[in-house]
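The values are calculated or read from the model by the stated rules, or taken from the named source; none is laboratory data. Predicted model, so just to flag it, every value in this text is computed and none were measured. Counting neighbours? That spans all protein chains shown, and the Cβs are built from the backbone with ideal geometry, glycine included.
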């Protein structure tokens, strides 16, 4: 069980503010790793650092060759930086008490390394269970868990703009609360 009482002034039960994380990781990730500062995202369970690698130059090579070269560059980056990434992640996990995962972007390829897959418990009535079972019976999903994850991804794709507005509104609420009176 993880204790969240020592977030260095951050709200209990959630990650530190992304602004704090962005600066913290920008100061620790070697500048030569990525073509700019890494993108830092977080939720209650995980901090995800995604950096953009310089794309490969292959001239008139076909799409397959380009895809293969990009995958090779990702593999090389992952191997070359493994020890340093582990050190940075360990330090962050001690400081922020939250798991750190890494990923890279190169061209149109996004690859995440060892990201968390967090179990979620939910109660579903028969109509909802029947939806999940239909996805399993049709071969779309392997299990109810896989079917539920598929449903969540589908909502994210088709309602992405609405979700972004909702997340933006929640961020504004957090900012207003942080600016309000502090009770000791």
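Set side by side, the residues 51, 36, 27 differ, and just one is modelled with pLDDT of 90 or more and within 17 Å of the chain's Cα centre (by Cα), which is 51.
Within segment 92-113, the residues that satisfy the criterion of being over 18 Å from the mean Cα position of the chain (by Cα) and over 14 Å from residue 51 (Cα atoms) are 94, 95. Quick one: is residue 134 out of contact with any strand residue (DSSP E or B) (no Cβ under 8 Å at 6 or more places or on another chain), more than 27 Å from residue 167 (Cα to Cα) and touching a residue at least 24 places away in the same chain (Cβ under 8 Å)? Judged against the criteria, residue 134 is not a match.
Here is a yes/no grid of residues against (1) part of a helix (DSSP H, G or I); (2) more than 30 Å from residue 65 (Cβ to Cβ); (3) touching a helix residue (DSSP H, G or I) at 6+ places or on another chain (Cβ under 7 Å):
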{"site": "119", "(1), (2), (3)": "no, yes, no"}
{"site": "130", "(1), (2), (3)": "yes, yes, no"}
{"site": "136", "(1), (2), (3)": "yes, yes, yes"}
{"site": "161", "(1), (2), (3)": "yes, yes, no"}
{"site": "177", "(1), (2), (3)": "yes, yes, no"}
{"site": "183", "(1), (2), (3)": "no, yes, no"}
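Determine, yes or no, whether residue 80 is modelled with pLDDT under 95, in the same structural domain as residue 38 (by TED's automatic domain parsing) and loosely packed, with under 12 Cβ neighbours inside 10 Å. Here the answer is no, as residue 80 does not meet what is asked. Given the condition within 20 Å of residue 26 (Cβ to Cβ), within 24 Å of the chain's Cα centre (by Cα), in contact (Cβ under 8 Å) with a residue 24 or more places away in the chain and not in a loop (DSSP other than H, G, I, E, B), answer yes or no: does some residue in segment 55-69 qualify? No; the residues of segment 55-69 include none that is within 20 Å of residue 26 (Cβ to Cβ), within 24 Å of the chain's Cα centre (by Cα), in contact (Cβ under 8 Å) with a residue 24 or more places away in the chain and not in a loop (DSSP other than H, G, I, E, B). The condition of being surrounded by 12 or more Cβ atoms within 10 Å (Cβ to Cβ) and free of Cβ contacts under 8 Å to residues at least 12 places away in the same chain holds for only one of 147, 169, 141, that being 141. All told, residue 19 meets the bar of being modelled with pLDDT under 95 and either out of contact with any helix residue (DSSP H, G or I) (no Cβ under 7 Å at 6 or more places or on another chain) or part of a loop (DSSP other than H, G, I, E, B) (or both). What number of residues within segment 100-114 are over 20 Å from residue 30 (Cα atoms) and surrounded by 14 or more Cβ atoms within 10 Å (Cβ to Cβ)? Summing the residues that are over 20 Å from residue 30 (Cα atoms) and surrounded by 14 or more Cβ atoms within 10 Å (Cβ to Cβ) in segment 100-114 gives 2.
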